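Have a look at the structure that comes next, please.
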Amino acid sequence: MKKTFLLLFILIFPSAFYVYLTAGKENSFVRLPYYGPKHPIVLIKDGKQKKDTVFYAIPGFPLMDSYGKFKNQYGNSPSSMQGHIWVCCFEHLKDTRLSPSMTILLNRVESRTDLDTTLRLITFALDSASTQSLKAYSTMVHAGRRQYFLATDSGKMEKFAQEAFYQPLDSSAKNGYIHFFLIDREGCVRGIYNGLHIKDIDELIDNISMLEAAYYVKENREKSKKGGDDDVAM
């Protein structure tokens, strides 16, 4: 137990300490950007209407998965994944040119974030794969327990990829669906990475730690406001 705590402390402390030191210093704190168009909303405050905007969030997706556990745990909407940071990509599972490299690098993300038990890694299959074939594929690529493989009709999946990710995020798929997307706990896109480049994937891994650290500091500040500084976890 002590060893696990020590490893977790080593993993998150540098990023959390950086966020803590630079909080409130806009010029020195590098915040992860939000991708996608903002949407206008109308709020009611003190009985008056107030216009505001919200960041783009990934819409729901009617999909199945390799074991049935994704639907059982999260339903069909990313909104039910609130509380989880997740990374996703789109792959043709039968492709032998791009998919093997992307699969290896997704495994790299999982192995280098193995202490982050809330992180979810999702592969959207662009093939019309059955539950059995998805399970066989996940076994073949040695996917860990935080990886999920989701599929539906290939035409619907490609439409979902374009309408939910590539078009609103102003990203191109002309070289194939080669991107990894970093999604925060609220379903907003916080990073886009080339899924074939190790340098990009290592940046993704660093950004996952930064995002987790930002949530960590925010949660402890909220505890501090509610119960005083003695309630802040150290």
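Any read-out appearing in this document is the output of simple, stated calculations on the displayed coordinates, not a laboratory observation. What you see is a predicted model, and the numbers here were worked out from it, not measured in a lab. So basically every Cβ, Gly included, is an ideal-geometry build from the backbone, and we count neighbours across all protein chains shown.
Take every DSSP beta bridge whose two residues both sit in the range 64-216, then give the antiparallel share in percent to the nearest 5. Don't jump to the answer; show the numbers that get you there.
Working: 11 of 22 bridges.
If I count the DSSP bridges inside the range 64-216, around 50 percent turn out antiparallel.
Please report, largest first and rounded to whole Å, the three semi-axes of the ellipsoid equivalent to the range 64-216, where each semi-axis is the square root of five times an eigenvalue of the C-alpha gyration tensor.
Equivalent ellipsoid of the range 64-216: 21, 18, 16 Å, largest first.
Is there a pair in LYS135/LYS223; LYS50/LYS223; LYS94/LYS218 whose C-alpha atoms are over 31 Å apart, and which pairs would that be?
On the way: LYS135/LYS223 42 Å; LYS50/LYS223 29 Å; LYS94/LYS218 42 Å.
With Cα atoms farther than 31 Å apart: LYS135/LYS223; LYS94/LYS218.
Mind checking the dipole of the range 64-216: about its Cα centre, +1 per Lys or Arg Cβ, -1 per Asp or Glu Cβ, Debye to the nearest 20?
My answer is approximately 400 debye.
Here is a further query. Under a Cβ-Cβ cut-off of 15 Å, what is the net charge of the residues other than ILE41 that fall near it, where Lys and Arg count +1 and Asp and Glu count -1?
Values: positive: LYS38, LYS45, LYS48, LYS50, LYS51; negative: ASP52, GLU186.
Here the count lands on +3.
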